[in-house]
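Here is the structure we will look at, set down as structure tokens.
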Amino acid sequence: MVTLMKHEAAINPLALELNSILDKSSAGPFLSALGRRLFFPRGIIAQAAEAKKTARVNATLGMAFHDGQPLILSALARELPGLKPEESVVYAPTAGVEVFRLAWKTGLLQKNPSLKEADFSLPVVVPGIASGISYIADLFLDHGETMLAGDPWWDNYSLIFTERRGALLKGIPLFAESAGTTGSGTDSGLHSGLDIGAFEKALKEEAASGTVRIILNFPQNPSGYTPTAAEADTLVRLVKDTAISGVPVLVICDDAYFGLFYEEKTIKESLFSRFASLHEKVLAVKIDGPTKEDYVWGFRTAFVSFGSKGLDEASYAALEKKLIGAIRSSVSCANTPAQYLALKTMNDPTTQADKAAFFAMLRGRYLAVKRFIEENPLPRGLQVLPFNSGYFMSFRCKAVEQLRQTLLKKGIGTIALGDEYLRVTFAAIEETDIPEVYRAIYSSV
Ligand SMILES: Cc1ncc(COP(=O)(O)O)c(C=O)c1O
């Protein structure tokens with residue numbers, strides 16, 4: 001059923017066509033007013049693609065050629081010897097370089113074997129995971145609506161969901177007050193986990209509004225936590241129960257730190273693998289990329305993939321058109337050389353060994369932090385949140401900004417989050433420096 005709502009009268013016929021497809025799918029209940037207006041015009045990009053196939057003289061896109069090659073400055077040709085001009089200076093397709101998209105999809109299936117059970121889209125390239133989250137918020141979140149997220153969350157969620165989209169970001173306490181290591185306890189922070197009761201309560205409360213939108217980020221920023229297999233099963237069951245009760249659920253998996261799992265008992269696959277084939281009323285979105293997985297933070301290249309039992313081929317295509325409409329109307333397309341460099345890196349024979357060495361280095365730092373915490377009594381007033389993965393660990397404490405300032409005077413930079421948390425990026429500290437850094441934190445409290 002096509003419902004007339006939210007500025008529908010002014011909507012372009014191409015957008016209406018997409019809406020009529022999506023309204024019958026698991027994405028229908030979530031489309032925002034902007035999401036309903038977006039479409040991919042049959043304009044310059046589409047006409048240029050048509051000309052590329054058949055035209056002898058291609059006078060479409062705004063680029064300049066000589067002897068069939070894009071013009072390229074000598075300095076650039078010299079600085080980028082591994083890239084042909086058509087891999088560096090030309091515009092990339094709005095949805096991203098096709099071979100890169102296909103390679104990423106193949107990689108997702110290798111890294112997440114249970115994804116074979118699910119149907120999911122060809123990933124679309126976006127300029128960084130942050131932008132992917134922002135585009136999904138554009139499509140699926142309206143002013144006054146609610147996005148659930150584990151609390152504490154990555155601070156950019158507040159800018160994206162609250163400030164940009166005018167939505168309500170509602171925190172689900174990730175851990176019970178007593179979780180993790182406290183001054184009086186001996187728990188290393190690994191033995192206590194998610195506050196599953198808080199997730200259950202939040203989903204139930206939100207379900208009363210008629211739809212649930214939730215963003216899950218594991219390994220998590222800032223806590224550094226990834227669920228155990230049992231916790232993951234429960235989270236999946238809670239989402240499934242919500243859908244079975246008739247309430248559509250949008251689950252966004254922010255997999256920025258995917259792969260950095262340091263402990264036997266945590267999950268090793270993205271929860272997207274489970275949500276993508278869970279239920280007709282569950283729309284799963286995976287946002288990931290080489291930013292952290294392949295150590296290319298400044299490349300600004302990432303992916304958005306959709307998966308749902310409630311999406312057919314036509315609705316996957318319609319969703320992709322909505323998303324590339326959002327890309328076309330903002331950055332137009334992602335950066336071309338970064339896509340080709342990331343692709344060549346994925347296919348290079350040295351990459352697996354380099355990544356294994358980097359992983360071992362980061363795991364070594366994680367273990368050094370864990371060892372310090374286990375061997376040294378925590379000062380009163382400091383609590384370690386459970387952590388087992390990723391880049392970070394966080395302390396819960398009072399007078400956080402004061403503590404940060406004190407540490408800065410000792411030459412140690414940390415992040416104060418709100419008035420309750422101090423985040424430490426152990427991934428950035430040499431293993432040999434970790435005892436000194438943590439001794440300074442303990443003595444400064
Ligand atoms: C949880 C989380 N999501 C997304 C991102 C952003 O990734 P990108 O640099 O690809 O935009 C970060 C980076 O710090 C992050 O911590």
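Results, tabulated for the structure shown:
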{"quantity": "Some residue of the stretch 365-372 being assigned to a strand (DSSP E or B) and either in contact (Cβ under 8 Å) with a residue 24 or more places away in the chain or closer than 23 Å to residue 217 by Cα (or both)", "calculated": "no"}
{"quantity": "Criterion: away from the ligand (no atom under 16 Å from the Cβ), touching a residue at least 60 places away in the same chain (Cβ under 8 Å) and in contact with a Gly (Cβ under 8 Å, 6 or more places away or on another chain) - qualifying residue of 281, 309, 286", "calculated": "281"}
{"quantity": "The stretch 289-306, residues that are within 12 Å of the ligand (Cβ to nearest atom) and outside any loop (DSSP other than H, G, I, E, B)", "calculated": "290, 291, 292, 293, 297, 298, 299, 302, 303, 304"}
{"quantity": "Near pairs, Cβ below 7 angstrom, 6+ apart or cross-chain, from the stretch 171-184 (over 21 Å from residue 156 (Cα atoms)) to any residue that is part of a loop (DSSP other than H, G, I, E, B) and modelled with pLDDT under 65", "calculated": "180/187; 180/189; 181/187; 181/188; 181/189"}
{"quantity": "Residue in the stretch 315-353 that is surrounded by the most Cβ atoms within 10 Å (Cβ to Cβ), counting only those that are over 21 Å from the mean Cα position of the chain (by Cα) and within 22 Å of residue 251 (Cβ to Cβ)", "calculated": "318"}
{"quantity": "Test result for residue 207, at pLDDT 95 or above, within 20 Å of the chain's Cα centre (by Cα), more than 14 Å from the ligand (Cβ to nearest atom) and small (Gly, Ala, Ser)", "calculated": "no"}
{"quantity": "Strands (runs of 3 or more DSSP E) completely within the stretch 65-177 that count 1 or more residues being within 14 Å of the ligand (Cβ to nearest atom) and surrounded by fewer than 21 Cβ atoms within 10 Å (Cβ to Cβ)", "calculated": "146-151, 168-173"}
{"quantity": "The lone exception for residue 434 - which of (1) under 29 Å from the mean Cα position of the chain (by Cα); (2) over 18 Å from residue 219 (Cα atoms); (3) not in a helix (DSSP H, G or I) it fails", "calculated": "(3)"}
{"quantity": "Matching residues in the stretch 253-278 - criterion: being away from the ligand (no atom under 16 Å from the Cβ) and among the hydroxyl-bearing types (Ser, Thr, Tyr)", "calculated": "262, 266, 273, 277"}
{"quantity": "Breaking point among (1) within 16 Å of the ligand (Cβ to nearest atom); (2) over 12 Å from the mean Cα position of the chain (by Cα); (3) of a type in the set (S, T, N, Q), for residue 220", "calculated": "(2)"}
{"quantity": "Exclusive hit being in contact with a Leu (Cβ under 8 Å, 6 or more places away or on another chain), in a helix (DSSP H, G or I) and not basic (Lys, Arg), set 356, 326", "calculated": "326"}
{"quantity": "Cross-chain or 6+ apart pairs with Cβ under 6 Å, the stretch 118-132 first and farther than 22 Å from residue 317 by Cβ, then within 16 Å of the ligand (Cβ to nearest atom) and hydrophobic (A, V, I, L, M, F, W, C)", "calculated": "127/331; 127/334; 128/302; 129/256; 129/287; 129/302"}
{"quantity": "Residue 263 vs. criteria acidic (Asp, Glu) and under 26 Å from residue 29 (Cα atoms)", "calculated": "no"}
{"quantity": "Check on residue 20, in contact with a Pro (Cβ under 8 Å, 6 or more places away or on another chain), over 21 Å from residue 94 (Cα atoms) and of a type in the set (Ser, Thr, Tyr)", "calculated": "no"}
{"quantity": "Filter result for residue 273 (more than 24 Å from residue 151 (Cβ to Cβ) and in contact with a His (Cβ under 9 Å, 6 or more places away or on another chain))", "calculated": "no"}
{"quantity": "Residue check for residue 141: without any contact (Cβ under 8 Å) to a residue 60 or more places away in the chain and either over 30 Å from residue 205 (Cβ atoms) or touching a strand residue (DSSP E or B) at 6+ places or on another chain (Cβ under 9 Å) (or both)", "calculated": "no"}
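The values are calculated or read from the model by the stated rules, or taken from the named source; none is laboratory data. What you are looking at is a predicted structure, and each value in this text was computed from that prediction instead of being measured. Quick reminder, even Gly has a Cβ in these numbers, built from the backbone with ideal geometry, and neighbours come from all protein chains shown.
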